Structure formats: C-alpha cells, structure tokens
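Please read the structure below before turning to the comments.
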Amino acid sequence: MKIAILSTNKTLYSTRRLVEAGEERGHDMPVYNHKRCYMNIMSAQPQIHYNGTAIEDVDAIIPRIGASVSFYGTAVVRQFEMMGVYSVNESVAISRSRDKLRALQLLARKGIGLPVTGFASAPGDTDDLLELVGGAPVVIKLLEGTQGVGVVLAETRKAAESVIEAFRGLKANFMVQEYIKEAGGADIRCFVVGDKVVASMMRKGKEGEFRSNLHRGGSASLVKITPEERRTAVRSAQIMGLNVAGVDLLRSRHGPVVMEVNSSPGLEGIETATGKDVAGMIIEFIVKHARHGRTRTRGRG
C-alpha cells in the first residue's frame, strides 16, 4: 500500500516511527507537508499537488495536523477524502476534537464524565461563572491552547478574576473548569486505535506544576487502567469519530473524567512508557480497514 503521512516535519519522532513501522511491513510511506500542498477543487477530478506534481495512487493517509494549522490541514484532508482516499482520522472528526468547547458539548450529550465546565463571553458573568464550577480553585483554559500552553490554575477567587480579566482583554476564548484536586497533578493518556485502548500511561507534572504535559517537563509511567476508564476512552474517541486518538482522563472522586480527546497524539511518550509498537498498530489498523472511497464524510461537513 501507499500510505501517506501529512506532517510538517518528517524528523519528528511520531512521523519517523510511522514511516519505519510502515516500511517494515512493506508499504510505501511518503511524507507530505500539508502546509505545502495545494488543491485543484473540481467536482469531476479533484486533485492535490505537491512540489509541482499531482499526488496520485495514495491508498490511505495519516493526518498529523498541528493545532496551529487546523484550518488548512483539515482542508487538505477533506480534499483527499473527495478523491476517495481513506483517512485514518477524517476531517470532520479532527475539526470536532480541535474545538474544545464543541468536543465537551458532544461528550456531555452522550453522558461522558467531565469536569464541571463554564463558558461565557460577557464580563458581567464572571461571578456567576465561578459559582457554576464550584468556586476557586479553578482551571482556566484558552480554547486554542495545546500542550499545556494557555492553561492556568487560579487558586483563589481574586486570582481567577484577574486571569479572566486578562484573557478577556486579549479577546481570547476560554473556559473555566473545576480543579480535580484528588488527581494530584496526574492524568492518564489512553491511546485508542479502532475500538481498543492499545496502550496507556500516567503522566505526572514536575514538582510544583499541576500540568502533566510531557512537553512541560512531566514524567510518564506505565499504568493499569480500570474497565470503566477503558470504556470511557473508547466511547470518547468514537463520539468524536476518531479511529486514532489520545484520550486524557483524570481520576476523580466520581469516576474518570475526560479532559481532552487528541486527534494527533504523540507516539514518543506512550511507546517509551509502555514499550509497545503503537505505530505498528496504527499501520495494521489502516491495512485492515482502508478501502478506496471508504469514508463516511467524503469531504462533507
């Protein structure tokens, strides 16, 4: 098969591992920088060009779309779908998961456990907004942030009001969530492929840091998850429509709560912590399920 990876940097660990895993299994694994793809949008014969040449004979794609280029990246994925190319994560599913507020609303509608979350736009709503989520301490998140950037723990009401005022001054979209103290600054990343959690790890923030992101100096270790956590992770990925996802959970007093569903989860942390060939599992899933035109959206939505 010819399985193309959409990635802006072919030297990144996740991209390299996917290429290695595919080539070990005898597949052609080109890497295309989706920011440099350009499209001929025609109803009869849609095309994607790269470096002056039309991309042809691709059986499947693996989108590794960064949050900063979601708009253009998902447009490229959508164009591949219009061409009948199988995408392991479809454009609509990626867009759903990238919109944090929309993702939480979809999960809540399906009964997935979530931290109490508030969202408002008018400055006069601050007091009641904080009351809605149980008061300080609260976590305030930029909707566009990734890897822990734009996430602030406000330990007092005054601090929360100051952060909210600052974010509003920047005209930024943000949400306010209850702080799950019992999680102790640790979360669980469940890596979902298809209808299974194929690997899981616990991430813990460095001393004095409540954010557990590995990019911020957190550590990762192997963890055994409960059947309820496993079901929650798989259902969350399915609600988003993702075949490959990193589902981040917190262990709260009232069971697992979902913090985020990531459509382009990194492989380095999970493979290092678990010793599993997660990249290989993704390739094997694609080989089993990829068919020309086998996409639910076909570029719609």
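For the stretch 29-40, what does the Karplus curve 6.51 cos²θ - 1.76 cosθ + 1.60, with θ = phi - 60°, yield as ³J(HN,Hα) per residue in whole Hz, taken in order and with x for Gly and Pro?
10, x, 10, 10, 6, 4, 5, 9, 7, 9, 10, 10
What Rg and what Dmax come out for the stretch 234-279 when only alpha-carbon atoms are used, in angstroms?
Rg and Dmax of the stretch 234-279, Cα atoms, are 11.9, 34 Å.
Take the cross-link list Lys110/Lys158; Lys35/Lys276; Lys158/Lys181; Lys10/Lys171 and give me the ones stretching past 26 Å between alpha-carbons.
On the way: Lys110/Lys158 34 Å; Lys35/Lys276 31 Å; Lys158/Lys181 19 Å; Lys10/Lys171 35 Å.
Flagged as over cut-off: Lys110/Lys158; Lys35/Lys276; Lys10/Lys171.
In terms of modelled amide H atoms, which long-range or inter-chain residues lie less than 5 Å from the amide H of Asn33?
Amide H neighbours of Asn33, under 5 Å, 5+ apart: Ser7.
Ordered by packing density, taken as the mean number of other Cβ atoms within 10 Å over each peptide's residues, highest first, how do 187-195, 95-103, 219-227 rank?
Numbers: 187-195: 22.7, 95-103: 19.7, 219-227: 13.2.
Final packing ranking: 187-195, 95-103, 219-227.
In Å, what Rg and Dmax follow from the Cα atoms of the stretch 182-279?
12.4, 36
Averaged over all directions, how much area does the convex hull of the C-alpha atoms of the chain cover when projected, in nm²? If you can, show how the numbers build up before the last one.
Details: hull surface 64.2 nm².
The orientation-averaged projected area of the Cα hull of the chain comes to 16.1 nm².
If I take every Cα pair under 8 Å that is 6 or more residues apart in the chain, average their sequence separation and divide by the length, what percent do I get for the relative contact order?
Values: 608 pairs, mean separation 60.3, N = 301.
Relative contact order of the chain: 20 percent.
Show me, for the stretch 66-71, the HN-Hα J-couplings you get by feeding each phi into the Karplus relation (A = 6.51, B = -1.76, C = 1.60, θ = phi - 60°), rounded to Hz, glycine and proline as x.
Ordered by residue, 3J(HN,Hα) equals x, 4, 6, 10, 4, 4 Hz.
In deg cm²/dmol and to the nearest 500, what is the mean residue ellipticity at 222 nm of the chain if only DSSP H runs of at least 4 residues count, each as -39500 (n - 2.57), divided by the residue total? Write down the numbers at each step before the final one.
Working: 9 runs with 96 residues, N = 301.
Computed ellipticity for the chain at 222 nm equals -9500 deg cm²/dmol.
Please list 3J(HN,Hα) in residue order for the stretch 274-290, calculated via the Karplus relation 6.51 cos²θ - 1.76 cosθ + 1.60 where θ = phi - 60°; whole Hz, with x for glycine and proline.
Once θ is set to phi - 60°, the couplings for the stretch 274-290 become 9, x, 9, 8, 5, 4, x, 5, 5, 4, 5, 5, 5, 4, 6, 10, 6 Hz.
Using alpha-carbon pairs under 8 Å, 6+ residues apart, how would you state the relative contact order of the stretch 182-279 in percent? List each step's numbers first, then the result.
Working: 204 pairs, mean separation 29.3, N = 98.
Reported as a whole number, the value is 30 percent.
What whole-number value in cubic angstrom gives the convex hull volume per residue for the C-alpha atoms of the stretch 1-147?
Numbers: hull volume 24.5 nm³, N = 147.
So the per-residue hull volume is 167 Å³.
For Asn243, enumerate residues with amide H under 5 Å from its amide H, sequence gap 5+ or separate chain, H modeled in the peptide plane.
Sorted by chain and number, the residues that satisfy this are Glu90.
Computed from the coordinates by the stated procedures, all read-outs in this text should not be read as laboratory data. All values derive from a computational prediction rather than experimental measurement. Every residue, glycine as well, gets a Cβ built from its backbone with ideal geometry; the counts of neighbours run over all protein chains shown.
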